[in-house]
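Presented below is the structure to which this report refers.
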Amino acid sequence: MIHLEHINLVVRDIDTSLSFYRAAFPHWQIRGGGNGTWYGKPRQWVHFGDDYQYLAFNNDGEQAARDLQGHQVGLAHFAFVTHDLDKLIARLEDAGFTIDKPGSDDVFRRNVYFIDPDGIEVEFVQYHSDIPSERNGYENA
């Protein structure tokens, strides 16, 4: 079996990024971190997650994220599954973040999109079925 272990993000400021991701994942913690260089530029890095998966943040970002309305090659978004989308939305809104766009809201799933402090789109989805053919319906895509 293969599963996703981590996503490595280049950000401008780790503490600012953590303000978003700590609100989304209150049960996660900083697993470790340090300093290094990347192609001659010093940077700090942090791994934020649990014992099985994490987000890596590197603070050597210099430019804005890709235009999410554009067609540049690169990451469009990544997504996390939650069991309580309303509570997750409330935590992010309490931390000062707003929903960027609502996603689908059908009988089997509901999702929303937020933009993190570095302009990266993050999707959160709650499934209302354990049956794959219902959860992964594409007839309305």
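The values are calculated or read from the model by the stated rules, or taken from the named source; none is laboratory data. A quick note: this is a predicted structure, and the numbers were derived from the prediction, not measured. With ideal geometry, Cβ positions are generated from the backbone for all residues, glycine too; neighbour counts draw on all protein chains shown. Accessible surface areas use protein heavy atoms only, side chains included; no ligands, DNA or RNA. Shrake-Rupley method; radii C 1.70, N 1.55, O 1.52, S 1.80 Å.
What to note about this one:
- GluC sites (Glu not before Pro) within region 70-131, DSSP loop, no more than 11 other Cβ atoms inside 10 Å: none
- Cα-centred dipole magnitude for the chain, charges only on beta-carbon of K, R (+1) and D, E (-1), debye, nearest 20: 340 debye
- Radius of gyration and maximum dimension Dmax of region 2-64, Cα, Å: 11.9, 35
- Calculated on the alpha-carbon coordinates, the convex hull of the chain measures out at 148 cubic angstrom per residue.
- Relative contact order %, the chain, counting alpha carbon pairs below 8 Å whose residues are six or more apart: 21 percent
- Region 54-130, accessible surface, carbon-and-sulfur percent (1.4 angstrom probe): 47 percent
- Within the chain, helix-based [θ] at 222 nm, where runs of 4 or more DSSP H residues each add -39,500 (n - 2.57), nearest 500: -5000 deg cm²/dmol
- The residue list 72, 56, 104 was ranked by how far each Cα lies along the charge dipole of the chain toward its positive end, using unit charges on Cβ atoms, and 56 comes out on top.
- The amide H of residue 103, built 1.01 Å from its N in the peptide plane, has 111, 112, 113 as neighbours under 5 Å, considering only residues 5 or more places off or on other chains.
- The phi-based Karplus calculation (6.51 cos²θ - 1.76 cosθ + 1.60; θ = phi - 60°) puts the 3J(HN,Hα) values of region 22-34 at 5, 5, 6, 10, x, 8, 8, 9, 6, 7, x, x, x Hz, whole numbers, x for Gly and Pro.
- Amide H contacts for residue 54 (H built 1.01 Å from N in the peptide plane; partners 5 or more residues away or on another chain; cut-off under 5 Å): 6, 7.
- Residue 11 long-range amide H proximity, modeled H, under 5 Å: 58, 59, 60, 61
- Low-density loop positions, chymotrypsin sites (Phe, Trp or Tyr not before Pro), region 29-63 - DSSP coil, at most 13 other Cβ in 10 Å: 39, 52
- Using the 1.4 Å probe convention, the accessible area of the chain works out to 65 Å² per residue with neighbouring protein chains retained.
- Rel. contact order, % - alpha carbon contacts under 8 angstrom, at least six apart, region 79-129: 41 percent
- For region 76-141 versus region 37-61, the spacing of their alpha-carbon centroids is 25 Å.
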